[in-house]
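One structure is given here, and the rest of the page talks about it.
No value in this document is a laboratory result; all are computed from the given coordinates. Predicted, not measured: the structure shown is a model, and the values here were computed from it. As a convention, Cβ positions derive from the backbone with ideal geometry for all residues, glycine included, and neighbour counts pool all protein chains shown.
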Amino acid sequence: MTQFPVTQLDPILASQLESLARLHGRSLQEEIEFILQQAVQSQLRSRSTGSTMVAARAAVERSQARFAGRRFGNSAELIREDRDR
């Protein structure tokens, strides 16, 4: 396993990490490893979400182009009529 020595860590941050470790029933090393895993997974998810967002935006643009210039009426009356049945 790779080791990452941490030097000059703010004593307040160190204390907070130790408190979190105790709260979660982990050693300080396990807590730091857990936090790093969560951070990396979050970044990877946001990257994959980014490509999904690009695809979604492209789909929206295609739909907007398809219906460009068309006017649509207010459908509230139709919805009310349907609810009243």
**OP:** Mind jotting down the distance between the C-alpha centroids of the stretch 1-52 and the stretch 62-79, whole Å?
**Re:** 49
Subject >> Estimated dipole of the chain in Debye, rounded to 20 [Cβ of Lys and Arg +1, of Asp and Glu -1, Cα centre] >> reply: 700
**OP:** Work out the FRET efficiency for Val40 and Ala14 from their Cβ-Cβ distance, taking R0 = 30 Å, and round it to the nearest 0.05.
**Re:** 0.90
Subject >> Residue-count net charge about Leu28 - beta-carbon cut-off 12 Å; Lys, Arg +1, Asp, Glu -1 >> reply: -2
Subject >> Neighbour cut-off at most 14 other Cβ (10 Å), DSSP loop, chymotrypsin sites (Phe, Trp or Tyr not before Pro), the chain >> reply: Phe67, Phe72
